[in-house]
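Written out below as structure tokens is the structure these notes cover.
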Amino acid sequence: MNERETESAAPTLDGLRQRLVEFAAARRWEPFHTPKNLASALTVEAGELLEIFQWLTPEQASAVMTDPDRAHRVRDEVADVLAYLLQFCTAVGVDPLTALAAKIERNELRFPAPGAAVEEGDVNPGSGS
């Protein structure tokens, strides 16, 4: 039995990446899955996620997941964003979990928690990533 047949097993990042590679290969889409095209598609899908929340008040945005139709749209757009991000990472050879862990570590140093020792030259939160 493979991962797809095991409904109780949670999907893994590597398993999902492999499924995306196989999905694109079966459709002969590899020539189109360039870093530029995948980055563009990722941006489009992130925009579609944003569109769900556009013009909502903070209170309305917080309640989006209580509406079954909107919640379904959010889940679909999150899946699209993640799919393109994983495909992009595959195309450029980036391990997304390693990249995220390293980024969090750098941010912990750049933006210490309140009350932590602050060294000269630290930047203020919100000044960039």
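The values are calculated or read from the model by the stated rules, or taken from the named source; none is laboratory data. These numbers come from a predicted model, not from an experiment. With ideal geometry, Cβ positions are generated from the backbone for all residues, glycine too; neighbour counts draw on all protein chains shown. These area figures cover heavy atoms from the full protein model, side chains too; ligands, DNA and RNA do not enter into them. Shrake-Rupley method; radii C 1.70, N 1.55, O 1.52, S 1.80 Å.
Spot the failing condition for residue 22; the list is (1) surrounded by fewer than 13 Cβ atoms within 10 Å (Cβ to Cβ); (2) at pLDDT 95 or above; (3) more than 21 Å from the chain's Cα centre (by Cα), and only one is missed. For residue 22, the exception is condition (3). Mind checking which residues of the range 34-65 are closer than 30 Å to residue 93 by Cβ and β-branched (Val, Ile, Thr)? Listed by number, the residues that qualify are 34, 43, 44.
Considering only residues that are open to solvent by 50 Å² or more (accessible area, probe 1.4 Å) and in a helix (DSSP H, G or I), which ones fall in the range 96-117? If the condition is that a residue be open to solvent by 50 Å² or more (accessible area, probe 1.4 Å) and in a helix (DSSP H, G or I), then 97, 98, 100, 101, 103, 104, 105, 106, 108, 109, 110 are the ones that fit.
From the list 72, 33, which one is surrounded by 15 or more Cβ atoms within 10 Å (Cβ to Cβ) and over 16 Å from the mean Cα position of the chain (by Cα)? Explain how you work it out, then say what you get.
On the way: 72 fails: surrounded by 15 or more Cβ atoms within 10 Å (Cβ to Cβ).
On inspection, the qualifying residue turns out to be 33.
Could you check, for the range 44-54, whether at least one of its residues is open to solvent by 60 Å² or more (accessible area, probe 1.4 Å), aromatic (Phe, Trp, Tyr) and not in a helix (DSSP H, G or I)? No; the residues of the range 44-54 include none that is open to solvent by 60 Å² or more (accessible area, probe 1.4 Å), aromatic (Phe, Trp, Tyr) and not in a helix (DSSP H, G or I).
Name the one entry in 60, 87 that is part of a helix (DSSP H, G or I), open to solvent by 70 Å² or more (accessible area, probe 1.4 Å) and not aliphatic (A, V, I, L, M).
Answer to the check: 60.
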